[in-house]
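The values are calculated or read from the model by the stated rules, or taken from the named source; none is laboratory data. What you see is a predicted model; the values in this text were computed from it and never measured. With ideal geometry, Cβ positions are generated from the backbone for all residues, glycine too; neighbour counts draw on all protein chains shown. Quick note on the areas: whole protein, heavy atoms, side chains included, nothing else; ligands and nucleic acids left out. Shrake-Rupley method; radii C 1.70, N 1.55, O 1.52, S 1.80 Å.
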2 protein chains.
Amino acid sequence: MKENTDLVAPVAPSRGRLRPLGLDEVRITGGFWARRREANVTATLGHCRHWMERVGWIGNFSAPVADRRGREFADSDVYKLLEAMAWTGSESDALTETIASAQEPDGYLNTAFGRPGQQPRYSDLEWGHELYCYGHLIQAGVAQIRTRGDGPLAKTARRAADHVCATFGPGGIEGVCGHPEIETALVELARATGEQRYLDQAALFVDRRGHGTLADIEFGRAYYQDDIPVRDATVLRGHAVRALYLAAGAVDVAVETGDEELLAAVVRQWEATVARRTYLTGGMGSHHRDEAFGDDFVLPPDRAYSETCAGVASVMLGWRLLLATGEPRFADLVERTLFNVVAASPSEDGRAFFYANTLHRRRRGTVPPTDTDSPRAESSLRAPWFAVSCCPTNVARTLAVLPAYLATASDDGIQLHQYADAEITTGGIALRVRTDYPSAGTVSVRVTRSPDRPWTLSLRVPGWAEGATARLVDADGTRRTVAPGTATVTRAFRPGDEIRLELPVAPRWIAPDPRIDAVRGTVAVQRGPLVYCAESVDLPAGREVDAVRVDPNAEPADGPGGTVVAPGELAGPEEQRDHGWPYRSPGQAGPSAAEPHAVVLVPYHSWANRGPSTMRVWLPTTEH
Amino acid sequence: MKENTDLVAPVAPSRGRLRPLGLDEVRITGGFWARRREANVTATLGHCRHWMERVGWIGNFSAPVADRRGREFADSDVYKLLEAMAWTGSESDALTETIASAQEPDGYLNTAFGRPGQQPRYSDLEWGHELYCYGHLIQAGVAQIRTRGDGPLAKTARRAADHVCATFGPGGIEGVCGHPEIETALVELARATGEQRYLDQAALFVDRRGHGTLADIEFGRAYYQDDIPVRDATVLRGHAVRALYLAAGAVDVAVETGDEELLAAVVRQWEATVARRTYLTGGMGSHHRDEAFGDDFVLPPDRAYSETCAGVASVMLGWRLLLATGEPRFADLVERTLFNVVAASPSEDGRAFFYANTLHRRRRGTVPPTDTDSPRAESSLRAPWFAVSCCPTNVARTLAVLPAYLATASDDGIQLHQYADAEITTGGIALRVRTDYPSAGTVSVRVTRSPDRPWTLSLRVPGWAEGATARLVDADGTRRTVAPGTATVTRAFRPGDEIRLELPVAPRWIAPDPRIDAVRGTVAVQRGPLVYCAESVDLPAGREVDAVRVDPNAEPADGPGGTVVAPGELAGPEEQRDHGWPYRSPGQAGPSAAEPHAVVLVPYHSWANRGPSTMRVWLPTTEH
């Protein structure tokens, strides 16, 4: 295959319906994501490095075996930080040198296995995470190739990848890693270097999975997707991050090898997963026990796991499917997940994170410690670090490449998928996008450079606009209603031409599919792509969100400071007390006196920033 | 303290409002529990022994260290089997000899610790379960003392208990076990032997807990109740079995030491737990991840854990609280839990078990293997054995002592708490109880022997009768309405006198407290103490229970063979298909055409006996 090192983008397929743009072609200039990206560079990268020095995960690369610290996959977080540093142009050679010093002559690199006093290499493919760690190392190396052309990190990554091919290739160990990730990394390395064997090895890993080479653990082989071959599966299942990384890798393999059957299989799995196993926020994974997808429609808001890393992985998968197919539904879920999972995890200052992103918090918790790590799924507020701390570095590398997710090109023209204040310059075309999205619904796209011939500007009309009216104002001032999907303008644009998209971001009630038992009889509020929630800090002192009921027959309205106000009521204190056995004949246990209340709602991503609180996205209606 | 070896009962307090009766005083002569107890003796005991030979847990007591098999607490299941064997009069001396041969000269006995090649004794109080295992050994020993007076098992148990006192008593290790159980066992041993030091040691363990001597694990110290001292806690929390065993032990200590404050603390915790953290079935524990209680009102039916052992432990706690206080609410929950958790776990033939007792099964599973153990919480049908197999032996020892839970005595007379066809003879009084309960609601109590002086017959009128009419027919034929609680007849009974209780067992709708979000908009059916459920095998071929809706404005009625038939409908197939994104504007996603359907319901305890099926207890109403 032909190498593609010019494109400074996280995913660079050699074919597909749409071509990604590079970080040198798209610049976010202001607004929601600019603030998040600023905090990422000025705070999060240093924060993650500080914590990984402190808890010893960086030290592991030079420490004696007896002093190794952290879980078996701790190396991977150092690699994810390195990836984020590469994309943001941060200096990483000294840190790379530390890592490279631990690499064995044959390319093997892992601080938890293979040295005297440790388990042998590849003796625990189920839980050892060795190939998973290589995957993140390779993704970091690919980021260096794409941003610098080459470098010491890229060399270390290539030596590791060569070792993987030599060890797990034809005639080698016929196994797969308990945690997928190597697959997508190897395909990207193949794309970045033009080396076919990396792609072949990735394809081999994808094909090998689902044949039960891993042990049948208590969670079942579905936990690591080793129960059914990828091309035979009908829905994502098992550990959510594992499932989504594997699916992303399978798309990469399918695209590069022209394997339409494999691509169609992943699209089918995505469809079923979105229809039956995804939270309103875009979050995936409802089991705390195994961090896994539940059965269809098992989406409890109060036990939502919705791991931040699953959100990142879902964005990775959605982006790949969008590039391959051009279908806006994939960008719809990417948008939802970015605003309501990826943006919900980090604090605005970039120094604290949610690992799990629950949709209902029933109990005010305590303030997480700042001097030690926190349990991953229990924190009532964002915590600075976790014993398992995959999420902070995953957020960091995602925010680092975010501009690449805004737009694509094709032979027809430019496609805008996500809306942010931005400048886009590619192939003789330059665009200035002005918007306060998602606060406001107007997106202005001014053409500042254009070839003389006609081309097509495509604008995604988000699926969330269904049932409301979106409009497009053409360069000539004509105005038309556009339906969710893709709106296009084809013309010989001239510099100064402005296309305007007007999206209906007024707050609206959302009702769940009746099969989602856990939220029957409730509604939620969405405003544009943002999911909203009630938080106890906005209630009268001492009251909790479980006293809130809303009236879906009245309209929610914009309130001050980005809030939404919904008409409703607060259950009286009598109703909130214990009444003995909580199951009675119908009618015996009805709601008692309630007081009318204008319920203040805040964007879900912004919750838990004002001290410990109770919170809920799905609100019971006054009818129940 | 004074020993009490004459009473052949699982719990023999030296004080309290009510006095337990012995297994030699109460005999179950027919009906529901007689069948279950028959299967227990003829099948379950041998089945458990067979499996423990097969998986090596019995062999562990004579095997070399390298060959030890099973989890760290595997010894305890052998002890629970021995306890059941003791109560049922089964020969156990050979098995006891095997166990005793592994006991160290100082009384230490555990196959997982302390020998060369193993971790040192008491090096892992968090997870090692050494004191937990002693607890079950001691309970087995107590059963032998109470049924035989003494014996080799009792000797082994006493040596172990002496070792515990020597090791963990004043001046010894100031620790507690990660899994409570030793507390209640030591109190029973004190009661059975008259040795005060066993009680003192139990009191010490209860007082020590809650002070953070155990490590702060990822689940938090609440997991093993080491977060808050027992007398300060307000609700049961953490691992459900641990919490309930500890509470049972605390009641035992409180009763024997006259510690009213401690008793009141446990009563308060029980009240809050019942009002907010208990399933309709009586099941406790809603987290799969840590087998724990959830936050208040977190009671998802489809992710119910409701471990069988938690049901057993809840019966143990309820029985102790009933003896201490005489309040019928404790017997209410014991009844509910016996019929809907303890009876739901074993198959009718006593050779397969549920570990977790879900209230909603969404997916037909596969038939569990008969030649190997099953994952504990995933089986779609009852499985013969589990890798963690605490439940089968716990069911066995509970069924073995079940007659002891039927009735008590006091200076006033006799109290009947649970209804079964039975004969009761104690202190000059003999009763013949005739009933088909719970199929029928009539309970006839004929006095066959009585002293000449007046005494009081107390009959529990179950809480589930609230809202319907229960009646009591006196010996003279007078008939009166009785309210849930306790109905009494005081008279100088004469042989031949009959008291009749008529309980309203017609099927009735039950609605949940509106704060239990997971079942909002649904109802369930209860018939007497039995919770009912819909199972897919009773639906038209190919349909699943999630298509069922019922009309709570129409009455459920008795159907053939113990079934109940409820008026309702089946959602059309169109509604059951995927419709893309499952969250829409209200009204966009309403139910489509449904067909009227008479929904057949079966007792919950009997589900999953006709092949893999989907099942649900809580049924959406046609209004939703």
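For A:Asp252, the criteria (1) among the acidic types (Asp, Glu); (2) facing chain B (nearest Cβ under 10 Å); (3) in a helix (DSSP H, G or I) hold in every case but one, which is (2).
In the list A:Ala511, A:Ala506, A:Ala487, which residue meets the criterion of being within 14 Å of chain B (Cβ to nearest Cβ), in a strand (DSSP E or B) and under 26 Å from A:Glu327 (Cα atoms)? Please lay out each step first, then the result.
Working: A:Ala506 fails: in a strand (DSSP E or B); A:Ala487 fails: within 14 Å of chain B (Cβ to nearest Cβ).
Exactly one residue qualifies, and that residue is A:Ala511.
In region B:457-483, what residues are within 19 Å of B:Arg494 (Cβ to Cβ) and touching a residue at least 40 places away in the same chain (Cβ under 8 Å)? Residues satisfying the conditions are B:Leu457, B:Ser458, B:Leu459.
Is it the case, given these coordinates, that A:Ala352 is free of Cβ contacts under 8 Å to residues at least 40 places away in the same chain and away from every other protein chain (no Cβ under 12 Å)? Yes, satisfied. Residues in region A:308-332 that are open to solvent by 10 Å² or more (accessible area, probe 1.4 Å) and either within 13 Å of another protein chain (Cβ to nearest Cβ) or of a type in the set (Asp, Glu) (or both): A:Glu327, A:Pro328, A:Arg329, A:Asp332. Scanning region A:434-446 for residues that are touching a residue at least 24 places away in the same chain (Cβ under 8 Å), closer than 27 Å to A:Arg329 by Cβ and not polar (S, T, N, Q) gives A:Asp436, A:Tyr437, A:Pro438, A:Ala440, A:Gly441, A:Val443, A:Val445. Taking first residues from region B:368-383 that are closer than 18 Å to B:Gly611 by Cα and more than 11 Å from chain A (Cβ to nearest Cβ) and partners that are charged (D, E, K, R) and assigned to a loop (DSSP other than H, G, I, E, B), the Cβ contacts under 8 Å between residues at least 6 apart in sequence or on separate chains come to B:Pro368/B:Arg382; B:Ser380/B:Arg363; B:Ser380/B:Arg364; B:Ala383/B:Asp373. Of all residues in region A:482-498, those satisfying the criterion of being open to solvent by less than 60 Å² (accessible area, probe 1.4 Å), under 22 Å from A:Arg329 (Cβ atoms) and of a type in the set (A, V, I, L, M, F, W, C) are A:Val482, A:Ala487, A:Val489.
Give region B:78-125 a look and list any residue that's among the basic types (Lys, Arg) and without any contact (Cβ under 8 Å) to a residue 40 or more places away in the chain, or say none. Talk me through it step by step, then tell me what you get.
Initial filter on region B:78-125 (among the basic types (Lys, Arg)): B:80, B:115, B:121.
Selection gives B:Arg121 alone.
In the condition set (1) more than 8 Å from every other protein chain (Cβ to nearest Cβ); (2) of a type outside the set (Asp, Glu); (3) in contact with a helix residue (DSSP H, G or I) (Cβ under 8 Å, 6 or more places away or on another chain), B:Ala264 is compliant with all but (3).
Filtered by the rule that a residue be in contact (Cβ under 8 Å) with a residue 40 or more places away in the chain, closer than 18 Å to B:Trp87 by Cβ and either assigned to a loop (DSSP other than H, G, I, E, B) or of a type in the set (Asp, Glu) (or both), region B:14-24 gives B:Leu21, B:Gly22, B:Leu23.
The requirement of being more than 12 Å from chain A (Cβ to nearest Cβ), in contact with a Lys or Arg (Cβ under 9 Å, 6 or more places away or on another chain), among the charged types (D, E, K, R) and part of a loop (DSSP other than H, G, I, E, B) is not satisfied by B:Arg303.
Conditions tested, residue by residue: (1) over 21 Å from A:Asp150 (Cα atoms); (2) surrounded by 16 or more Cβ atoms within 10 Å (Cβ to Cβ).
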position	(1), (2)
A:Ala66	yes, no
A:Leu82	no, yes
A:Glu91	no, no
A:Thr98	no, no
A:Gly107	no, yes
A:Gly117	yes, no
A:Gly135	no, yes
A:Gln139	no, yes
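Scanning region B:290-303 for residues that are touching a residue at least 24 places away in the same chain (Cβ under 8 Å) and out of contact with any Leu (no Cβ under 7 Å at 6 or more places or on another chain) returns B:Asp290, B:Glu291, B:Ala292, B:Asp296, B:Phe297, B:Val298, B:Leu299, B:Pro300, B:Asp302, B:Arg303.
Summed over region B:361-415, the residues that are outside the structural domain of B:Leu81 (by TED's automatic domain parsing) and of a type in the set (D, E, K, R) give a count of 2.
Checking the conditions here, which among B:Arg37, B:Arg27, B:Arg49 is assigned to a helix (DSSP H, G or I), more than 24 Å from B:Ile182 (Cα to Cα), open to solvent by 40 Å² or more (accessible area, probe 1.4 Å) and touching a helix residue (DSSP H, G or I) at 6+ places or on another chain (Cβ under 7 Å)? It would help to see each step written out before you state the result.
Details: B:Arg27 fails: assigned to a helix (DSSP H, G or I); B:Arg49 fails: more than 24 Å from B:Ile182 (Cα to Cα).
It is B:Arg37.
Total residues in region A:335-372 satisfying the condition of being closer than 20 Å to A:Thr393 by Cβ, touching a helix residue (DSSP H, G or I) at 6+ places or on another chain (Cβ under 8 Å) and outside any strand (DSSP E or B): the figure is 15. Taking B:Ala387 as the residue in question, decide whether it is small (Gly, Ala, Ser) and away from chain A (no Cβ under 14 Å). Judged against the criteria, B:Ala387 is not a match.
Any idea which residue in region B:267-290 is nearest to B:Val334 (Cα to Cα), counting only those that are part of a helix (DSSP H, G or I) and at the interface with another protein chain (Cβ under 8 Å from one of its Cβ atoms)? Steps first, please.
The initial filter retains those residues of region B:267-290 that are part of a helix (DSSP H, G or I), namely B:267-276.
With at the interface with another protein chain (Cβ under 8 Å from one of its Cβ atoms) added as a condition, the list becomes B:271-272, B:274-276.
Details: B:Glu271: 14, B:Ala272: 16, B:Val274: 12, B:Ala275: 15, B:Arg276: 17 Å.
Among residues in region B:267-290 that are part of a helix (DSSP H, G or I) and at the interface with another protein chain (Cβ under 8 Å from one of its Cβ atoms), the one nearest to B:Val334 (Cα to Cα) is B:Val274.
Regarding B:Gly542, is this residue in the same structural domain as B:Ala430 (by TED's automatic domain parsing), without any contact (Cβ under 8 Å) to a residue 60 or more places away in the chain and out of contact with any strand residue (DSSP E or B) (no Cβ under 9 Å at 6 or more places or on another chain)? Steps first, answer last, please.
Values: in the same structural domain as B:Ala430 (by TED's automatic domain parsing): no; without any contact (Cβ under 8 Å) to a residue 60 or more places away in the chain: yes; out of contact with any strand residue (DSSP E or B) (no Cβ under 9 Å at 6 or more places or on another chain): yes.
Taking the combined requirement at face value, the residue does not satisfy it.
If I filter region A:514-528 for residues that are in contact (Cβ under 8 Å) with a residue 40 or more places away in the chain, outside the structural domain of A:Ile424 (by TED's automatic domain parsing) and either more than 28 Å from A:Val342 (Cβ to Cβ) or in contact with a His (Cβ under 7 Å, 6 or more places away or on another chain) (or both), do I get at least one hit? Within region A:514-528, one or more residues are in contact (Cβ under 8 Å) with a residue 40 or more places away in the chain, outside the structural domain of A:Ile424 (by TED's automatic domain parsing) and either more than 28 Å from A:Val342 (Cβ to Cβ) or in contact with a His (Cβ under 7 Å, 6 or more places away or on another chain) (or both). Within region A:463-481, the set of residues being open to solvent by 70 Å² or more (accessible area, probe 1.4 Å), farther than 22 Å from A:Glu335 by Cα, among the charged types (D, E, K, R) and outside any strand (DSSP E or B) comprises just one member, A:Asp476.
In region B:554-565, is there at least one residue being within 8 Å of another protein chain (Cβ to nearest Cβ), on the phi < 0 side of the Ramachandran plot and hydrophobic (A, V, I, L, M, F, W, C)?
Within region B:554-565, the subset within 8 Å of another protein chain (Cβ to nearest Cβ) is none.
No.
A:Leu280 meets all of the listed conditions (1) out of contact with any helix residue (DSSP H, G or I) (no Cβ under 7 Å at 6 or more places or on another chain); (2) open to solvent by 10 Å² or more (accessible area, probe 1.4 Å) but one, namely (2).
Taking the numbered list (1) of a type in the set (D, E, K, R); (2) assigned to a helix (DSSP H, G or I); (3) under 23 Å from A:Glu72 (Cα atoms) in turn, A:Glu218 passes all entries but (2). Against the test of being part of a helix (DSSP H, G or I) and either open to solvent by 30 Å² or more (accessible area, probe 1.4 Å) or within 14 Å of chain A (Cβ to nearest Cβ) (or both), the options B:Leu244, B:Leu189, B:Leu204, B:Leu153 yield a single qualifying residue, B:Leu204.
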